[in-house]
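Student: There's a structure below that I have some questions on.
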Protein chains: 2
Amino acid sequence: MHIDESDARKRKRRTGRDVGTQQRDARKTATFYPDSHMLLMRYERISGEEACKIVKNGDTIGFSGFTPVGYPKVVPLKLAERKDIRVNVYTGASVGEEIDTALADMMDLRMPYMTNKVLREAINEGRVRFIDTRIGKFTEELQSGFYPEVDVAIVEACALKDDGFVPTTSVGAVPAFVSQAETVIIELNSEQPESLEGIHDIYLLPTAPRDPIPLKDPRDRIGKTFVSTANKEVFVVETEAKDSSRALAPPAEEHRKIAEHLISFFQKEVSSGRLPKNLLPLQSGVGNIANAVTEGLKSSGFEHLVFYTEVLQDCVLQLLRDNVADFVSATSISLSPQKLERFYGEIDELRQKLVLRPQDISNCPEIISRLGVISMNGALEADIYGNVNSTYIDGREIVNGIGGSEDFTSNAYISIFFSPSTKKNGAISFIVPMVSHVDHTEHDVDVIVTEQGVADLRGKEPEERAKEIIEKCAHPAYKEKLYEYLRGCEGGHIRMDRRKADEWYKNLKESGSMLGS
Amino acid sequence: MHIDESDARKRKRRTGRDVGTQQRDARKTATFYPDSHMLLMRYERISGEEACKIVKNGDTIGFSGFTPVGYPKVVPLKLAERKDIRVNVYTGASVGEEIDTALADMMDLRMPYMTNKVLREAINEGRVRFIDTRIGKFTEELQSGFYPEVDVAIVEACALKDDGFVPTTSVGAVPAFVSQAETVIIELNSEQPESLEGIHDIYLLPTAPRDPIPLKDPRDRIGKTFVSTANKEVFVVETEAKDSSRALAPPAEEHRKIAEHLISFFQKEVSSGRLPKNLLPLQSGVGNIANAVTEGLKSSGFEHLVFYTEVLQDCVLQLLRDNVADFVSATSISLSPQKLERFYGEIDELRQKLVLRPQDISNCPEIISRLGVISMNGALEADIYGNVNSTYIDGREIVNGIGGSEDFTSNAYISIFFSPSTKKNGAISFIVPMVSHVDHTEHDVDVIVTEQGVADLRGKEPEERAKEIIEKCAHPAYKEKLYEYLRGCEGGHIRMDRRKADEWYKNLKESGSMLGS
């Protein structure tokens, strides 16, 4: 059952109701901590079963959620019981199993990012179409008509407003989805405290051409504290369900070493006058290593750090508490279950130190270049010239998608990638002759860090970069093999050999290690 | 003789003079069309021989010039006679033979872009270091201390001001070079009319973090009409020498077809409501094909076009004259000799319709994304998934460099690449299984155009992109070979085979054609 795009694009009233009557009595002013119960009376309350019937075959659904937090959890599971429809699914980034596992068999198109195992398999086997798109550009491309339009937005909220709702632990693409959808289904989740109100800064990015985005400092607020649903057909489903947030692994020894190298790099940049004492706004990728690297900053001596990033993870929150960091701007608060409980308890205090923005603002090229953000992201592999692969194993099997890494990398003041120098007990080298897929070109990658050291690629031409990367970042077991490759290549300004580069992957396949047998 | 970077970086008074005395009597206000002869008296005039002695071994020279226009022509030739020094050479982009041929043997490092045959050979043979850098990010990276600092700026001017000079037919990186240099050598070229004054908009981009750049429309002026030399040691060399501008080839039949396809694409976008009637600001690459494509717009029915681009070439100027285009913002006016003469004659009329900006503003991600620029660039090769190679032949031999293509492509509203589908009488296919070097990733390339047709990659996943590109853009002689490759590949979300992809280059090398024997 393939979706007819032209059908999906037809803007249609889904229930034939006169949009607006539901909110006719709405007051015009919004206040913090409203009586949600009173406001609830103004909305049409429906059950999860009723909600999922609103979705039609071929629809494009925009779900809230960015990393497995802030996404609706009840309606998607009900929707999964319907066997009669196929849908397109948009989210901010990855979401929980209630969407990506439960709906995988019903998806025609999925965008822009995912981390779910079941869905990944479906994508790699060609059962679900997946367009790997920059998180920061996704909403603008959507609004520009490059992809099927959102028919129904299904979003999680912690509170209702007269003419809208307060998102929960992520903002992601919600403002864009709601703005495009005719129908909005709000999952009002009583597990999410109303006290989250006030941490969001909802600014609807206009499509270009537009005026300058008025954000000059990561602390600036340029929008509202809630998402407007004016002129939408709105339904409310009352739920109680927890985010499927993940516990993070404790930092491994090699992660600690990466953090140490990174911190010495920053210290050198400060002492040479290339960075201010409190650095520049930091972006830090998502996951265990990113979390470990951030933890390293705790005892680094740096103070008054500011983050302009996608996702606030455990360690960044701890930096706020320890007064190492002054402020965090993100689009998602993705904490381990334990840390989330503590966060809810401290929210009144922390609200002054953090803001959650839409992903097209957290990942906005205009803002990132203006603020001079330092980007720090993990990667699958990097090659000796500084090209980086973030998405595809052996160039073929997608892992998660490019996510926000390019938004930051190509506009960063200094762009950094890090990874352990080997994976799978040394079988896979992070540094390879040629990456099997290029997501970040040599033009955009400034610094590479492994537990072995820091390769500073700035001001270096290809041959110099190759030597710097091999010498500083490659694992000792792979160093000579990489030098040998370099010596054996023909060039040119760049020396390379596709066949010899391919042997590394061939070795891995045939003997279980890139080193060969 | 390798340059000791730390030496080159020492900020030193080059001549021991008390900087400032030369301009002590300078009035504070600048006026248009000043009496340059009177102002000249206030500057220290020297000969070309004297000027070149100011340069020391290991110096980094920032030359004006962007495409072979607006660069100094006398001092570099004198400098070439010195056999006792090696220097680093920065420019805006490509410049004339007086720099890139004459100084090639003396260069240690060359940045950020070049098109010169002699220099290209020196770079590919490893005799000159070349860091292939984005034109739009070069000056900020320079000011951030990533590269050796400029010691001496050598610039061409058409007029002097009390505290500065008026550039000629390009701006390029001049403001950044002059701001960093202690010593400025001005070639006051009487071949360049003083009436050029008023077309430049000189805004010195502050390094990040910075305020929003206040440019909201391609027509906006945000800076001064001249480059300030306040507090610099300034020397003036009076010259008369013409730019080595190039005549463009008349559009070939296949270029006309590319233009036709592009125009139908634009017409479709307008009729579907995805673009306004006068499109969005256009960027057009440099060279014969770009010129031909632009010429196609003349009889397209489009009106009130606006260009926000790097280089104004012959055809864009003609669009201004014909009232097809309303306004052009660029960093360089690169006309064929004949057109340049005519331009000089009409300059008073045209001054209201064009502005020359520094390259960090013409190519600025913040502005490009804000204005919603449509980028149109040529390329060496594109692969079936939409990755584009702009720089390296067979991944090894550099041609020119990435230039401004990434600045525009990764921030464009719609990014377009074009090329004839084959080169060298069909021996080389523009569409290949895997590009031999990636400058623009699949995430950033929206549309590919050849004389065969238009591949619209938006909203398509890898397999769909591959079929679209092969079907619409590949030359008939290569179509079945590409389909065969695609069918024979293993995948994954992406199906690819490095060895089979390599055979195309092997064929070319061994049999003279990618088709093989």
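Student: Determine whether the stretch A:402-414 contains at least one residue that is out of contact with any strand residue (DSSP E or B) (no Cβ under 9 Å at 6 or more places or on another chain), open to solvent by 10 Å² or more (accessible area, probe 1.4 Å) and either without any contact (Cβ under 8 Å) to a residue 24 or more places away in the chain or of a type in the set (Phe, Trp, Tyr) (or both).
Tutor: Checking the stretch A:402-414: not a single residue is out of contact with any strand residue (DSSP E or B) (no Cβ under 9 Å at 6 or more places or on another chain), open to solvent by 10 Å² or more (accessible area, probe 1.4 Å) and either without any contact (Cβ under 8 Å) to a residue 24 or more places away in the chain or of a type in the set (Phe, Trp, Tyr) (or both).
Student: Between a first residue in the stretch B:320-331 that is on the phi > 0 side of the Ramachandran plot and a second residue that is modelled with pLDDT of 95 or more, which pairs have beta carbons less than 9 Å apart while being 6 or more apart in sequence or on different chains?
Tutor: B:Asn323/B:Glu303; B:Asn323/B:His304
Student: Are any of the residues in the stretch B:417-433 under 19 Å from B:Thr115 (Cβ atoms), buried (at least 24 other Cβ atoms within 10 Å of the Cβ) and of a type in the set (Val, Ile, Thr)?
Tutor: So far as the stretch B:417-433 goes, no, none of its residues is under 19 Å from B:Thr115 (Cβ atoms), buried (at least 24 other Cβ atoms within 10 Å of the Cβ) and of a type in the set (Val, Ile, Thr).
Student: Let me ask something additional. Against the condition without any contact (Cβ under 8 Å) to a residue 24 or more places away in the chain and either within 14 Å of another protein chain (Cβ to nearest Cβ) or not β-branched (Val, Ile, Thr) (or both), how does B:Asp211 come out, does it pass?
Tutor: yes
Student: Considering only the stretch B:214-254, how many residues are basic (Lys, Arg), in a loop (DSSP other than H, G, I, E, B) and away from chain A (no Cβ under 14 Å)? Full working, then the answer.
Tutor: Quick first cut of the stretch B:214-254, residues basic (Lys, Arg) only: B:216, B:219, B:221, B:224, B:232, B:242, B:246.
Those still in the list that are in a loop (DSSP other than H, G, I, E, B) too: B:216, B:219, B:221, B:232, B:242, B:246.
Next, only the ones that are away from chain A (no Cβ under 14 Å) stay: B:221, B:232, B:242, B:246.
So the count comes out to 4.
Student: Scan the stretch A:267-283 and report the pairs whose first residue is at the interface with chain B (Cβ under 8 Å from one of its Cβ atoms) and whose second residue is open to solvent by 60 Å² or more (accessible area, probe 1.4 Å), with Cβ atoms within less than 9 Å and a gap of 6+ or a chain change.
Tutor: Pairs found: A:Arg274/A:Lys268; A:Leu280/B:Pro209; A:Pro281/B:Pro209.
Student: Looking at (1) in a loop (DSSP other than H, G, I, E, B); (2) within 16 Å of the chain's Cα centre (by Cα); (3) facing chain A (nearest Cβ under 9 Å), can you tell me which one B:Gly401 breaks?
Tutor: Among (1) in a loop (DSSP other than H, G, I, E, B); (2) within 16 Å of the chain's Cα centre (by Cα); (3) facing chain A (nearest Cβ under 9 Å), B:Gly401 violates only (3).
Student: Can you tell me which condition A:Asn363 does not meet? The list is (1) touching an Asp or Glu at 6+ places or on another chain (Cβ under 8 Å); (2) over 23 Å from A:Thr133 (Cα atoms); (3) surrounded by 24 or more Cβ atoms within 10 Å (Cβ to Cβ), and all the others hold.
Tutor: Failing condition for A:Asn363: (2).
Student: Considering (1) out of contact with any Pro (no Cβ under 8 Å at 6 or more places or on another chain); (2) under 24 Å from B:Glu149 (Cα atoms); (3) open to solvent by less than 30 Å² (accessible area, probe 1.4 Å), say which one A:Gly459 fails and leave the rest.
Tutor: If we test A:Gly459 against (1) out of contact with any Pro (no Cβ under 8 Å at 6 or more places or on another chain); (2) under 24 Å from B:Glu149 (Cα atoms); (3) open to solvent by less than 30 Å² (accessible area, probe 1.4 Å), just (1) comes out false.
Student: B:Ser245: closer than 30 Å to B:Ala176 by Cβ and hydroxyl-bearing (Ser, Thr, Tyr), yes or no?
Tutor: When the stated conditions are applied, B:Ser245 passes them.
Student: State which residue is nearest to the other protein chains (Cβ to nearest Cβ) when the search covers only the stretch A:441-460 and only residues that are closer than 19 Å to A:Ser429 by Cβ and assigned to a loop (DSSP other than H, G, I, E, B).
Tutor: Filtering the stretch A:441-460 for residues closer than 19 Å to A:Ser429 by Cβ gives A:442, A:445, A:447-455, A:457.
Checking which are assigned to a loop (DSSP other than H, G, I, E, B) leaves us with A:442, A:445, A:451-452, A:457.
Values: A:Glu442: 8, A:Val445: 12, A:Glu451: 25, A:Gln452: 23, A:Leu457: 10 Å.
Checked the stretch A:441-460; the qualifying residue nearest to the other protein chains (Cβ to nearest Cβ) is A:Glu442.
Student: So which residues in the stretch A:404-438 are at the interface with chain B (Cβ under 10 Å from one of its Cβ atoms) and of a type in the set (A, V, I, L, M, F, W, C), if there are any at all?
Tutor: Correct list: A:Ala412, A:Ile414, A:Met434, A:Val435, A:Val438.
Student: Can you tell which of B:Thr91, B:Thr60, B:Thr67 is in contact with a strand residue (DSSP E or B) (Cβ under 6 Å, 6 or more places away or on another chain) and on the phi > 0 side of the Ramachandran plot?
Tutor: The conditions single out B:Thr67.
Student: Anything in the stretch B:301-323 that is part of a loop (DSSP other than H, G, I, E, B), crowded, with 19+ Cβ neighbours inside 10 Å and more than 13 Å from the chain's Cα centre (by Cα)? List them, or say none. Steps first, answer last, please.
Tutor: Just the residues of the stretch B:301-323 that are part of a loop (DSSP other than H, G, I, E, B), to begin with: B:301-304, B:309-310, B:313, B:322-323.
Next, from what is left, pick out any that are crowded, with 19+ Cβ neighbours inside 10 Å: B:302, B:309-310, B:313.
Within the stretch B:301-323, just B:Phe302 meets the criteria.
Student: Return yes when B:Gly345 is among the small types (Gly, Ala, Ser), surrounded by fewer than 24 Cβ atoms within 10 Å (Cβ to Cβ) and in contact with a Phe, Trp or Tyr (Cβ under 6 Å, 6 or more places away or on another chain) and no when it is not.
Tutor: For B:Gly345, the condition - among the small types (Gly, Ala, Ser), surrounded by fewer than 24 Cβ atoms within 10 Å (Cβ to Cβ) and in contact with a Phe, Trp or Tyr (Cβ under 6 Å, 6 or more places away or on another chain) - is not met.
Student: Identify the residue in the stretch A:332-342 that is assigned to a helix (DSSP H, G or I) and touching a residue at least 60 places away in the same chain (Cβ under 8 Å) and, among all such residues, is surrounded by the most Cβ atoms within 10 Å (Cβ to Cβ).
Tutor: A:Leu340
Student: Taking B:Ser329 as the residue in question, decide whether it is open to solvent by less than 10 Å² (accessible area, probe 1.4 Å), touching a Pro at 6+ places or on another chain (Cβ under 6 Å), farther than 16 Å from B:Ala247 by Cα and within 14 Å of chain A (Cβ to nearest Cβ). Talk me through it step by step, then tell me what you get.
Tutor: Working: open to solvent by less than 10 Å² (accessible area, probe 1.4 Å): yes; touching a Pro at 6+ places or on another chain (Cβ under 6 Å): yes; farther than 16 Å from B:Ala247 by Cα: yes; within 14 Å of chain A (Cβ to nearest Cβ): yes.
It is true that B:Ser329 is open to solvent by less than 10 Å² (accessible area, probe 1.4 Å), touching a Pro at 6+ places or on another chain (Cβ under 6 Å), farther than 16 Å from B:Ala247 by Cα and within 14 Å of chain A (Cβ to nearest Cβ).
Student: Quick check on the stretch B:246-290: of everything there that is more than 21 Å from the chain's Cα centre (by Cα) and among the hydroxyl-bearing types (Ser, Thr, Tyr), which residue is nearest to B:Ser329 (Cα to Cα)?
Tutor: B:Ser264
Student: Here's something else I'd like to know. If we keep just the residues of the stretch A:108-120 that are more than 11 Å from chain B (Cβ to nearest Cβ) and within 23 Å of A:Val171 (Cα to Cα), which is farthest from the chain's Cα centre (by Cα)?
Tutor: So the residue we want is A:Leu119.
Student: Also: So A:Glu480 ticks every box in (1) within 8 Å of chain B (Cβ to nearest Cβ); (2) out of contact with any strand residue (DSSP E or B) (no Cβ under 7 Å at 6 or more places or on another chain) but one. Which box is left unticked?
Tutor: All conditions pass for A:Glu480, except number (1).
Student: Still on this model: May I ask you to list the residues in the stretch B:377-388 that are facing chain A (nearest Cβ under 10 Å) and either hydrophobic (A, V, I, L, M, F, W, C) or under 22 Å from B:Thr133 (Cβ atoms) (or both)? Working first, answer last.
Tutor: Of the stretch B:377-388, the ones facing chain A (nearest Cβ under 10 Å) are B:385, B:387.
Scanning the stretch B:377-388 gives a single hit, B:Asn387.
Student: Of everything in the stretch A:158-204, what is open to solvent by 10 Å² or more (accessible area, probe 1.4 Å) and of a type in the set (Ser, Thr, Tyr)? Give them in sequence order.
Tutor: If the condition is that a residue be open to solvent by 10 Å² or more (accessible area, probe 1.4 Å) and of a type in the set (Ser, Thr, Tyr), then A:Ser179, A:Ser190, A:Ser195, A:Tyr203 are the ones that fit.
Student: Here is a further query. Of all residues in the stretch B:121-149, how many are more than 9 Å from chain A (Cβ to nearest Cβ) and either in contact with a strand residue (DSSP E or B) (Cβ under 9 Å, 6 or more places away or on another chain) or in contact (Cβ under 8 Å) with a residue 40 or more places away in the chain (or both)?
Tutor: Of the residues in that region, 10 qualify.
Matching residues to (1) part of a loop (DSSP other than H, G, I, E, B); (2) under 12 Å from B:Tyr90 (Cβ atoms):
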site: B:Glu140; (1), (2): no, no
site: B:Ala153; (1), (2): no, yes
site: B:Leu160; (1), (2): no, no
site: B:Ala176; (1), (2): no, yes
site: B:Leu205; (1), (2): yes, no
site: B:Pro212; (1), (2): yes, no
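Student: Further question: Which pairs turn up if I take residues in the stretch B:234-258 that are within 14 Å of B:Thr168 (Cα to Cα) and look for partners that are surrounded by 19 or more Cβ atoms within 10 Å (Cβ to Cβ) and acidic (Asp, Glu) with beta carbon separation below 6 Å, at least 6 apart in sequence or on another chain?
Tutor: From the stretch B:234-258, the pairs are B:Thr239/B:Glu187.
The values are calculated or read from the model by the stated rules, or taken from the named source; none is laboratory data. This structure is a prediction, so every number in the text was calculated from the model and none was measured. Reconstructed Cβ throughout: ideal geometry from the backbone, glycine too, with neighbour counts over all protein chains shown. SASA here: full protein model, heavy atoms, side chains in, ligands and nucleic acids out. Shrake-Rupley method; radii C 1.70, N 1.55, O 1.52, S 1.80 Å.
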